[in-house]
Each structure stands twice: as structure tokens, then as C-alpha cells.
1. For the chain: lysine pairs with Cα atoms under 15 Å, gap of 8 or more or different chains, count?
2. Pop a pseudo-label 7 angstrom from the Cα along the beta-carbon direction at both E78 and A31 and give the gap in nm to one decimal.
3. Of the heavy-atom accessible surface of the chain (probe 1.4 angstrom), what whole percent is carbon and sulfur?
4. Roughly how many Å² is the accessible area per residue of the chain, as a whole number, for a 1.4 Å probe?
5. Any chance you could tell me what percent of the C-alpha pair distances in the stretch 69-124 go past 18 Å?
6. Using the eigenvalues of the Cα gyration tensor, what equivalent ellipsoid semi-axes result for the chain when each is taken as the square root of five times the eigenvalue, whole Å, largest first?
Amino acid sequence: GRISILEAFNFATKMTAKYYEEKGILATEHALIDDNGDGVGHPTADSGDGALAKTTYFDSLNLLQAGADPELAALLKEKDRLEREVEQLKTRKASMKSEDYDAQLENLLIDLAKVNQSIKAKQK
């Protein structure tokens, strides 16, 4: 029920290409995404781009889910932060030693699992 920046980008890219194809005209618009700060856009979420867009949403559903519970709001923010870190780590995988990548990913996933468990406990 939520739309990420990456989902919106992919949809807009697809619909723009479809428009030009249906009209039978040369495409003059080409979508690029650059969310890793390197100043280089890409037509798809690759080369390090897309990690932030995948975990950033157009709404504030997590805050709405938390309601008036500041502890739950903090847990939801921490979940979002950890999910972004996992995505950013994935983009660095090729430049890391395998054992370093695996260790960092394992630590992040364990932390994420603990936060998810705490969120579920608070929502019951």
C-alpha cells in the first residue's frame, strides 16, 4: 500500500517509453536516477543508484502507524535506517572482501530482525 521513489521512477520510465512507442516518434525524454550523490544518473537502478529510492516513500505511513507512541515511532525510524544501510551495503559489495561484506550484512540483518521483533511486540 506504499509507493517508493524507485517504484514511481520505474513506472514513469515505463510509461514515458510506452508513450513514444505508441506515437511512433523518437524519444526525446530519458529518465535517469541518481540517488547516491555521485552526480551520474542511470536509466535503471544500478551502479549504486536506487538504494535510497527503494527505501524512501512518498508518505509517512510509519509515523501514522506509530500513532502517539514515541517508542514505536523510534523503532520504525530505526527499521527504515537499517533497511537503507542494507541497501547501501549491497551497492558496495563488489568493492569489498567477501568475508567483510558477509559480516556487515549479517550484523545489519540481525539488528533489523531484533527491531522488527520489537515492532511486532509493540503492535500487539
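The values are calculated or read from the model by the stated rules, or taken from the named source; none is laboratory data. Remember, predicted model here, so these are calculated numbers, not experimental data. Quick reminder, even Gly has a Cβ in these numbers, built from the backbone with ideal geometry, and neighbours come from all protein chains shown. Accessible surface areas use protein heavy atoms only, side chains included; no ligands, DNA or RNA. Shrake-Rupley method; radii C 1.70, N 1.55, O 1.52, S 1.80 Å.
1. 10
2. The answer from the label model is 3.5 nm.
3. On the way: 4660 of 8550 Å².
Heavy-atom surface of the chain belonging to carbon and sulfur, 1.4 Å probe: 54 percent.
4. Details: 8550 Å² over 124 residues.
On a per-residue basis, 69 Å².
5. Numbers: 604 of 1540 pairs.
Every Cα pair in the stretch 69-124 considered, those over 18 Å come to 39 percent.
6. On the way: eigenvalues 215, 95, 19 Å².
Rounded to whole Å, the semi-axes are 33, 22, 10.
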